[in-house]
Amino acid sequence: MNAPIIAMTEASGASFTLLGASVSSGIAIGHAHLITTARLEVPQYEIAAADVAAELERLDTAMGKVHAELAELEAGALAGELNTFVNLHRMLLTDVALSQAPREIIQSTRCNAEWALVQQMDSLVKQFESFDDPYLRERKADVQQAVERVLKALLGSAHTPSGPSHEEDIVVVAHDLSPADMILFKQHKFAGFVTDVGGVTSHTAIVARSLGLPAVVGLHHARGMIRENEVLIVDGGQGVVIVNPDRHVLAEYQLKKRERDLEQQKLRRLKTTPATTLDGTTIELHANIELPSDIEGVLDSGAAGVGLFRSEFLFLNRADLPSEDEQFEAYRRVAESMQGKPVTIRTLDLGADKALAGAGPGGPNPAMGLRAIRLCLAEPHLFLTQLRAILRASHYGRVQILLPMLAHAHEVEVTFVYLAQAKETLSRNGIPFDPNVKVGGMIEVPAAALTLAIFLERLDFLSIGTNDLIQYTLAIDRTDDTVAHLYDPLHPAVLQLIAHTIRTCNKAGKSIAVCGEMAGEREMTRLLLGFGLRQFSMHSSQVLAIKQQVLRTSLPDVTPIAQRILRNTEAAKTHMLLARINA
Ligand code: PEP
Ligand code: MG
């Protein structure tokens, strides 16, 4: 976001600070614009028996209006990820729980349509809250957002987050924002947004990151405490919102924002600069994507390829499974767009926090249950369909296949049997594909990192998924915020597994990358380079910042410090050495 720094006068109200969860970094300075959540202002009244039919008709009209609104959004050539959220809201409104139950409440209790909807929504929310699976629990927000759309239609207030004319001057403040609302943000140039509710893995948070707007969620009482037009500073990186900042704080943040904007502009000049260290070693910087629509950002970042296509996102928030043709089109689009650069498509990493709609939480301990390669091998039809689709796309670019969450040799061996079967089917039908498509594996389980020979023997390349490797090494559920403080990428056990994997692959002459969040964290770049890593894959918005760090790094200088960090087991000393390597 490069909105000009606005001329902001010191606010007259009391200054206070709110802390929430950081969703999308950057600094926004603007005036608060409060979006009304209709749910908070719902009228409740009794209707006469003679008016029940009219009330039902009122509800039907509002429902029809919302369906038309959502259909229009869907038809508006939305990015796939955003489209799936709209799709989900339409599905929810079509379900009998929302299309029929409120009608029955009106008929049986003779209450107004708004009140019937709210009662039904509350009961559904309770059901969602009782799910064990955190992903499904978070879907209660989708129920609330879908119902709020109907409430707004009933209340006759067309909802739009536009409002005042100088959009770059506006920070949107809401109880919650639906992904459908977020879609509207694409057509506007708001400074940022803050919300009372929402986890960092909520759909709204995912879309916020993809829009690149500074944002803070989970502020709890922002909507009630902030008044319209008050001056706000949103520090998206720190998860901080300062309301009515005094002159000095305002000046300090304006300076910070200016510096950040300049920094971002300077970074853009690096797009075509080769990622080479000071001593002349070339480093490959690839991008991670969730959906084909992310490819524009990848091309913009100058990334050398797609290092991780999380293909399971094509399967989320929909009632059906994408067909082989639909998958093929998605993979082909990415392969063609990258024009000969490598595109690494990870086979389905479904399960745990990424369950299919309607699927259960995935056993008593979903992170250790039937997920990723385990699920694919248990569902050959699902796996074969995807393998055929990827193979077909391999004819249109440099596609390679990546297998998630490997722990056993037989997982690779059985995969090769299915791959041969998929190739055979395509050949029989005269469908072209790359017969030499490369197959790699993700090192995400300590058992795999400790038995690399098994995988090096069978696979063409490896990629370290640090997010899961940390989770499984330290026995910490990465989605459970009660143990989030124990999630430590610098734990000596984690670093030893990473360094051992890189060293072993380099020695064997096999390509090795890191594609977890660690690859996009600037303070980890030199450490990973010092461990011998030469290929990184991260969100496209991080590519240029990491390239800048690579350009400023001398491998002979950082390697000995990285080795000292590796030998060290004291946390304080590790942090001291990390500061030194990054100095
Ligand atoms: C990882 O685990 O580091 C990874 C890249 O995969 P995901 O985050 O999709 O589990
Ligand atoms: Mg993973």
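Since every read-out is calculated from the coordinates, none of them should be taken as a lab result. Predicted, not measured: the structure shown is a model, and the values here were computed from it. Here the Cβ positions follow ideal geometry from the backbone for every residue, glycine too, while neighbour counts run over all protein chains shown.
Beta-bridge orientation, the chain: approximately 35 percent antiparallel, per DSSP, counting only bridges with both partners inside. In the chain, the C-alpha radius of gyration followed by the widest Cα-Cα span (Dmax) gives 25.4, 85 angstrom.
Peptides 93-101, 169-177, 366-374 ranked from most to least packed, by the mean per-residue count of other Cβ atoms within 10 Å: 169-177, 366-374, 93-101.
The amide H of Ser511, built 1.01 Å from its N in the peptide plane, has Leu462 as neighbours under 5 Å, considering only residues 5 or more places off or on other chains. Calculated mean residue ellipticity at 222 nm for the chain: -14500 deg cm²/dmol, from DSSP H runs with n ≥ 4 weighted as -39500 (n - 2.57), summed, divided by the residue count and rounded to 500.
I need the Kirkwood Rh of segment 271-581: take the reciprocal of the average 1/r across all distinct C-alpha pairs and report it in angstrom.
For segment 271-581, inverting the mean 1/r across all distinct Cα pairs yields 19.9 Å.
Distance between the C-alpha centers of segment 484-512 and segment 524-583? Whole Å please. Taking the Cα centre of each part, segment 484-512 and segment 524-583 sit 13 Å apart. Which of the aspartates and glutamates could a cross-linker span from Lys126 if the Cα-Cα distance has to be under 15 Å and same-chain partners fewer than 8 positions apart are dropped? Of all the aspartates and glutamates, those that pass the test against Lys126 - Cα under 15 Å, at least 8 places apart if same chain - are Glu138, Asp142.
Can you give the extra length, in nm with one decimal, that the chain gains between Asn229 and Asn365 once fully stretched, where that is 0.36 nm per residue apart less the Cα-Cα distance? All intermediate terms of the calculation are to be shown ahead of the outcome.
Working: separation 136, 0.36 × 136 = 48.96 nm, distance 4.67 nm.
Once the chain is fully extended between Asn229 and Asn365, it gains 44.3 nm.
In whole angstrom, how long is each semi-axis of the equivalent ellipsoid of segment 388-436, when you take the square root of 5 times every eigenvalue of its Cα gyration tensor and sort them from largest down?
Numbers: eigenvalues 92, 36, 8 Å².
Square roots of five times the eigenvalues give 22, 13, 6 Å.
Between the C-alpha center of segment 421-447 and that of segment 257-302 there is a gap of 30 Å. If the segment from Lys65 to Thr425 were pulled out straight at 0.36 nm per residue, it would be longer than the present Cα-Cα gap by 124.9 nm.
A dipole drawn for segment 352-481 from +1 and -1 charges on Cβ atoms has a positive end, and of Phe455, Pro432, Gly465 the residue lying farthest that way is Pro432.
Packing order of peptides 215-223, 103-111, highest average first: 215-223, 103-111 (average count of other Cβ atoms within 10 Å over each peptide's residues). Residues whose amide H comes within less than 5 Å of that of His175, counting only those at least five positions distant or on another chain, are Thr37, Asp196 (H built at 1.01 Å from N in the peptide plane). If you bin all the Cα-Cα distances of segment 39-154 at 10 Å, starting from zero, the percentages per bin are 14, 44, 31, 10, 1. Multiply the residue gap between Ala583 and Leu255 by 0.36 nm, knock off their C-alpha separation, and tell me the result in nm, one decimal place. Length gained, Ala583 through Leu255: 115.8 nm.
Straight-distance candidates among the lysines for linking to Lys271, with alpha-carbon spacing under 28 Å and chain neighbours fewer than 8 residues away dropped: Lys186, Lys189, Lys256, Lys257, Lys341, Lys438, Lys510, Lys547.
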